[in-house]
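Notes to accompany the following structure.
The values are calculated or read from the model by the stated rules, or taken from the named source; none is laboratory data. Treat the numbers as computed from the prediction; the structure is a model and nothing was measured. For neighbour counting, all protein chains shown are included, and Cβ atoms are generated from backbone atoms with ideal geometry for every residue, glycine included.
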């Protein structure tokens, strides 16, 4: 296999000391995440937007059901085992799930199940009113909640000391 590249945009803020990475979901791309990135950038944060493999301007891979099963065999896990529902408890840093309440592609109950399976107070869920699966236009109303989560997470990490995972 040859070299493949991932596409990304860095939206820098002069003098900023913190960077937020915004990742899209399946079938989306970095450009569609700009409504999420904009209020974070305006708040003084560097923002990195990336196109995942097979999305946007990133190089593609061919992935069929056969390849998926092969990957499961190689890594030694079935995808269900490594799904967010089952792995959220293993994440050491704070996690914020952001989900539209009117999402018909991935129901809000999926996010609630992940939250309930977290088993830790550092997993939180922000439910977006009047938002479907791709309703990034609604996020502007929740900028304050996003920034509070980031501030609390960074403060918790700073209390643990340099190099610590919070």
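The table for this structure:
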| quantity | calculated |
| --- | --- |
| Filter result (at pLDDT 70 or above and farther than 18 Å from residue 146 by Cα) within the range 14-29 | 14, 15 |
| Every residue from the range 117-155 that is modelled with pLDDT under 85 and either under 22 Å from residue 41 (Cα atoms) or assigned by TED's automatic domain parsing to the domain that holds residue 40 (or both) | 134, 135, 136, 137, 138, 139, 140, 154, 155 |
| Filter result for residue 35 (surrounded by 17 or more Cβ atoms within 10 Å (Cβ to Cβ), outside any loop (DSSP other than H, G, I, E, B), modelled with pLDDT of 65 or more and in contact with a helix residue (DSSP H, G or I) (Cβ under 6 Å, 6 or more places away or on another chain)) | no |
| First in the range 136-162 and within 13 Å of residue 93 (Cβ to Cβ), second anywhere and part of a helix (DSSP H, G or I) and modelled with pLDDT of 90 or more, Cβ under 6 Å, 6 or more apart | none |
| Pick from the range 88-112, criterion in a helix (DSSP H, G or I) and surrounded by 14 or more Cβ atoms within 10 Å (Cβ to Cβ), ranking: modelled with the lowest pLDDT | 88 |
